[in-house]
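Asker: The structure is given below, and queries will be raised subsequently.
The values are calculated or read from the model by the stated rules, or taken from the named source; none is laboratory data. On a predicted model such as this, the values are computed, not experimentally measured, just so you know. As a convention, Cβ positions derive from the backbone with ideal geometry for all residues, glycine included, and neighbour counts pool all protein chains shown. For the accessible areas, the whole protein counts, side chains as well, though only heavy atoms, and no ligand, DNA or RNA atoms are used. Shrake-Rupley method; radii C 1.70, N 1.55, O 1.52, S 1.80 Å.
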Amino acid sequence: YTKVGSMNRNQPPPVMVLGCGRSGTSIFGEMFESLPMYHYSSEPSFTDVLGADFSSPLAFKVPREVAAFEAAPGLSFPLTEMQRCEPRMKYFWVVRHPLDAICSLRVGISQEWGHHPKPPDWEVWLRRPLIQQCAHHWAFLNTFGFEQVSAFATIIKFENMISEPNAVAKSVCKVLALNFHTLETSLSQWADRVQDTNNDEFVEAETSRAYSRLDHSVRVGRWRENLSLEEIESVLPIVSDPGVNFGYSCDDAC
């Protein structure tokens, strides 16, 4: 599978965007559509990733599972196979406050657990309230999935992306050894889309639109508009510990 031998070693490395659904992976991934040297693919099959032509810079968001490859827990693909194929791959893990992510996951999880990769025990959780299913999905991916890549992945927080998209874009350029100043105009077009509220500037990520609900006025802290105290108390035992690992506190939620 690997095409490393044909690569220009001075060119930007390939990129893999990972994280729980509805956490900003789509809009973050579309940043790479603003970078002229990258070709970006959203949720290609893992077979297509392995067979891709890595002679030019590529970026992928959360590959789709393929039956022939046993995925690592919390990921949609076997990490060892990906690293063997393309050892230069740079990984970004996008994470969002668990209560906000839970609110946003409801549409997809209610549709036969439509977000991937699914926790292995997802069918057991169908007996639980939807809000707890969403919490389990977030907690499993951000525990076991992140654990697979924590030693080398760059964490991107949704809240930082919303508040300072240009700063996040600049930090990504640093990781990839790109000259931010030569790309600033292109990246500003992406940054202008990243908004906390719906307004004339905001353009939602293309693959996220089917999961949107018009039941909140802001993206950061939307849980205050969407979750009851009872619902919050029911999910805290599920998300509190993995949330703390990313610096999120739910102490002010109750």
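Asker: Using only helices, what value at 222 nm comes out for the chain when you add -39,500 (n - 2.57) per DSSP H run of length 4 or more and divide by the total residues, to the nearest 500 deg cm²/dmol?
Answerer: Value at 222 nm, helices only: -10500 deg cm²/dmol.
Asker: Please state the relative contact order of the chain as a whole percent: Cα pairs under 8 Å, 6+ residues apart?
Answerer: 22 percent.
Asker: Quick one: ranking L130, L229, L18 by accessible area, 1.4 Å probe, largest first, what do you get?
Answerer: L229, L130, L18
Asker: A follow-up question, please. Over segment 37-134, calculate the relative contact order: mean separation of alpha carbon pairs under 8 Å at least 6 apart, over the residue count, as a percent.
Answerer: For segment 37-134, the relative contact order is 20 percent.
Asker: Given Cβ point charges of +1 (Lys, Arg) and -1 (Asp, Glu) and nothing else, what value in debye, to the nearest 20, does the dipole of segment 1-115 about its Cα centre take?
Answerer: Magnitude of the dipole: close to 300 debye.
Asker: Suppose every Lys and Arg Cβ carries +1 and every Asp and Glu Cβ carries -1, with no other charges. What dipole size does the chain come out with about its Cα centre, to the nearest 20 debye?
Answerer: Value, rounded to 20: 620 debye.
Asker: For segment 44-168, what is the convex hull (Cα atoms) projected area averaged across all directions, in square nanometres?
Answerer: So the mean shadow area of the Cα hull is 8.6 nm².
Asker: Projecting each Cα onto the charge dipole of segment 50-151 (Lys/Arg +1, Asp/Glu -1 at the beta carbon, about the Cα centre), which of S104, Q148, G74 comes out farthest on the positive side?
Answerer: S104
Asker: What FRET efficiency comes out for the pair H181/L214, r = Cβ-Cβ distance, R0 = 51 Å, nearest 0.05?
Answerer: Using R0 = 51 Å, I get an efficiency of 0.85.
Asker: List residues of segment 161-202, by number, whose backbone nitrogen lies under 12 Å from a label position 7 Å along Cα→C-beta of R224.
Answerer: Inside the label zone: nothing.
Asker: In whole Å, what three semi-axes, largest first, describe the equivalent ellipsoid of segment 1-110 built from its Cα gyration tensor (square root of 5 times each eigenvalue)?
Answerer: 26, 17, 11
Asker: Okay, next question. Which FRET efficiency value, to the nearest 0.05, is calculated for R64 and E123 with the Förster distance at 22 angstrom and r the Cβ-Cβ distance?
Answerer: Using R0 = 22 Å, I get an efficiency of 0.65.
Asker: Can you give the accessible area per residue of segment 96-254, in Å², using a 1.4 Å probe?
Answerer: The answer is 51 Å² per residue.
Asker: Okay, moving on. Can you give me the long-range amide H partners of T154? Hydrogens built in the peptide plane at 1.01 Å from N, cutoff under 5 Å, separation of 5 or more residues or another chain.
Answerer: The answer is Y91, F92, W93.
Asker: Taking amide H atoms as placed 1.01 Å from N in the peptide plane, list the residues 5 or more away in sequence, or in a different chain, whose amide H sits under 5 Å from that of F77.
Answerer: A72
Asker: About its Cα centre, how strong a charge dipole does segment 140-195 have in debye, to the nearest 20, once Lys and Arg get +1 and Asp and Glu get -1 at the Cβ?
Answerer: 80
Asker: Expressed as a whole percent, how much of the Cα-Cα distance distribution for segment 155-254 exceeds 25 Å?
Answerer: The calculated P(r) of segment 155-254 puts 35 percent of pairs beyond 25 Å.
Asker: Nearest 10 degrees is fine. How inclined is helix 165-175 to the longest principal axis of the chain, computing both from alpha carbons?
Answerer: The angle comes out at about 50 degrees.
Asker: Describe numerically, in nm with one decimal, the distance between label points set 7 Å from Cα along Cα→Cβ at S110 and at Q83.
Answerer: The two pseudo-label positions are separated by 4.0 nm.
Asker: Using 5 Å bins from zero, what percent of all Cα-Cα pairs in the chain falls into each bin?
Answerer: Bin by bin from 0 Å, the calculated values are 1, 6, 13, 18, 19, 17, 13, 7, 4, 1, 0, 0.
Asker: State, as an integer percentage, the relative contact order of segment 106-183 based on alpha-carbon contacts under 8 Å between residues 6 or more apart.
Answerer: 18
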